[in-house]
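Written below as structure tokens is the structure these notes are about.
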Amino acid sequence: MPVVETSNLQKSFGDHRVLDGVDISVAEGTVFALLGPNGAGKTTVVNILSTLVRADGGSASVAGHDVAREPVAVRAAISVTGQFSAVDALLTGRENLTMMARLSRVPRHEIGAVVEKALARFDLVDAADRRSGSYSGGMARRLDIAISMLAMPRVLFLDEPTTGLDPRSRQGVWEFVRELVGEGVTVFLTTQYLEEADRLADRIALLDGGRIVADDAPAALKRLVGSDIVEATFADGRVACYPTDGSLDDIKRTILGLEDATHVTVRNPSLDDVFLTLTGKSPKQVTGKVAA
Amino acid sequence: MSAYALTDSSVMIGRSLRHTTRNFDSLFIGIFLPVMLLLLMTTVFGGAVSGTAGDYVTYVVPGVLLLCAGYGASMTAMSVTTDMKEGIVDRFRTMNVLPSAVLTGHVVASVARNLVSVGIVIATAYAIGFRAAAGPLGWLAAIGLIVLLIFAMSWASAAFGLVAKTPEGASSFGFFLLFLPYLSSAFVPIDTLPGWLQPIATAQPFTPLNESIRGLLLGNPIGNSGWAAVAWCLGILVVSGFTASALWRRTRR
Ligand SMILES: Nc1ncnc2c1ncn2[C@@H]1O[C@H](COP(=O)(O)OP(=O)(O)OP(=O)(O)O)[C@@H](O)[C@H]1O
Ligand SMILES: [Mg+2]
């Protein structure tokens, strides 16, 4: 039985229809990535699943409990790191963690050890006794994520967890997600970074126009846009992509047709190509082939 | 969930108390403003309102206490509105935290902060010549009434803070509470007010509150005003408490 499931989820703000029949199913112990352009409704989906916002229609369940009818049971099974910082700026890092550990029902005598471990894990030991309001964006983000792991949840929601992190911190978060999954936690993440979804997720869903327009394993999604892609840079700086059928003939013919290109590479399709193809929002997208 | 009601409330009270000591505005308003008000009342208006400044100190201290308690409590509205804009409140909502705990934290911190203010006002009052005739019981009753007022007004402010859109809007509740004591017997006898204002001044909660506290501190009989004051405060407390809890459950960012 899926641990997160939505069926025909609907949500409008005023007459702006944000979710228009979203179906999602996440298997226990896997990483699910929800991708979508800005304003697609990713955060709205997370808010509905984490009992913050009520859906207008359809149904959603987490850990076997309906989010609207049994919010208390849902909250007991989840942990959420929202898109925007949710730490107490007037408290220090250590105070934030201690407070959240108590509210997360960590047994009283374990709190000290759990907090120290979290500080070490997220590289916050030196800043532990500074007010979190003075942290850099990346540090605050790490504190945010450290808070979500205080009590091992069954489902962890991460809404754009690595936005604003430097490459090293981002690697740290990825490692941490893999570790958690190793311990059986299900991770539901949203991201703008296709690389992130590609590396972490067992399954990727693309949200666009209020619906899931693609939902598959990363490799299968990449196959959707076809085989090798010829990427050409032109003298005026313009970059264009030309899908091929993968045969040497087709690749040769494509490249030979690009007489004024200054630089040509042949590469595998990336998730960016999937994203751009399926959401149709690419300024640089060229689907047709050049005439030979 | 209810097994954790105490944990949640005490965690939130600790949080709000820390906020209070780390927030310059709340310290300034809690400590300096009351003292300035008292000195302003007695030195500037003192001579004009009654014959000698010393008599007026005695007359006005109960009113200044009410003014500080009411205005100080109104700061709760701003802290609640500010808090509601923070991501952390949404995070609390995704956890099984007792729904009223965040508000309880703000209210209890407000009571603690304002009791300190009240203490400072009393100390300053003594320094400039105020002398209470009350015995320990009178003091206890007077302080008890002030605590009740702070509790009631803090809950009312918390409810207002949940409705207000911005902290600036929320602060307008303070003007209301700053204004009310002037329309009571706190600073001038009611019979010196314009005729149309007298029924309003008599009917509002600050008049029985002021009569009771002045009577208790000066050792004069207070008649029914004590019960009227308690009834007003309990009424405000119950209505605001329920309203705030209902609003909290409904309010979503
Ligand atoms: N409380 C709200 N009131 C009105 N409109 C809202 C509200 N919350 C979200 N919206 C609108 O719903 C749409 C989807 O928002 P949402 O935050 O879910 O998008 P998103 O996919 O998370 O975007 P981003 O990548 O920028 O985080 C947006 O157009 C947004 O303006
Ligand atoms: Mg978002």
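Below, the figures for the structure above:
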| read-out | value |
| --- | --- |
| Convex hull volume per residue in cubic angstrom - Cα atoms of segment A:142-292 | 140 |
| Extended-chain gain in nm, criterion 0.36 nm per residue less alpha-carbon gap, A:A77 and A:T233 | 51.2 nm |
| Isotropically averaged projected area of segment A:1-48, using the convex hull of Cα atoms (one quarter of hull area), nm² | 3.6 |
| Descending Cα extents along the principal axes, segment B:3-250, whole Å | 61, 35, 34 |
| Span from the segment B:50-128 Cα centroid across to the segment B:207-221 one, whole angstrom | 21 |
| Potential lengthening between A:E5 and A:E70 on full extension [0.36 nm per residue; Cα-Cα distance subtracted] | 22.0 nm |
| Sequence of A:V181, B:V102 from largest to smallest accessible area, 1.4 Å probe | A:V181, B:V102 |
| Enclosed volume per residue, in Å³, of the convex hull spanned by Cα atoms of chain A | 159 |
| Unit charges on C-beta of K, R, D, E only; dipole of chain A, Debye | 660 |
| Span-rule helices in chain B, defined as complete DSSP H runs reaching 24 Å or more along the axis (Cα) with Kyte mean at least 1.6 | B:136-163 |
| Per-residue mean of C-beta atoms belonging to partner chains within 10 Å, peptide B:7-20 | 3 |
| Inter-label distance for A:A120 and B:I200, nm, one decimal - labels placed 7 Å from Cα along Cα-to-Cβ | 6.6 |
| Packing rank of A:261-269, A:44-52, B:191-199, where each peptide gets the mean count of other beta carbons within 10 Å, highest leading | A:44-52, A:261-269, B:191-199 |
| Where labels lie 7 Å past Cα in the beta-carbon direction, separation of A:E28 and B:Y4 in nm | 2.2 |
| Chains A and B, summed buried accessible surface - 1.4 Å probe, Å², nearest 100 | 2400 |
| For A:103-112, mean number of other protein chain Cβ atoms within 10 Å | 2 |
| Test item: Cα-centred dipole of segment A:99-149, Lys/Arg +1 and Asp/Glu -1 on Cβ, debye | 180 |
| Range in chain A, longest, excluding exposed GluC sites (Glu not before Pro) [loop by DSSP; at most 16 other beta-carbon atoms within 10 Å] | A:29-182 |
| Cα-Cα P(r), segment A:1-127, percent of pairs per 10 Å interval | 11, 34, 30, 21, 5, 0 |
| Theoretical ellipticity at 222 nm over the protein assembly as shown - DSSP helices of four or more residues, -39500 (n - 2.57) apiece, nearest 500 | -17000 deg cm²/dmol |
| Portion, in percent, of the accessible area of the protein assembly as shown that falls on carbon or sulfur, probe 1.4 Å | 61 |
| Per residue, in Å², the accessible surface of the protein assembly as shown once ligands and nucleic acids are set aside, probe 1.4 Å | 44 |
| Simple spin-label estimate for B:L40 and A:R211 in nanometres, 7 Å along Cα-Cβ | 6.4 |
| Principal axes of the protein assembly as shown: Cα extent on each, largest first, Å | 108, 52, 46 |
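The values are calculated or read from the model by the stated rules, or taken from the named source; none is laboratory data. Computed from a predicted structure; not experimentally measured. Virtual Cβ from ideal backbone geometry, glycine too; neighbours counted across all protein chains shown. Quick note on the areas: whole protein, heavy atoms, side chains included, nothing else; ligands and nucleic acids left out. Shrake-Rupley method; radii C 1.70, N 1.55, O 1.52, S 1.80 Å.
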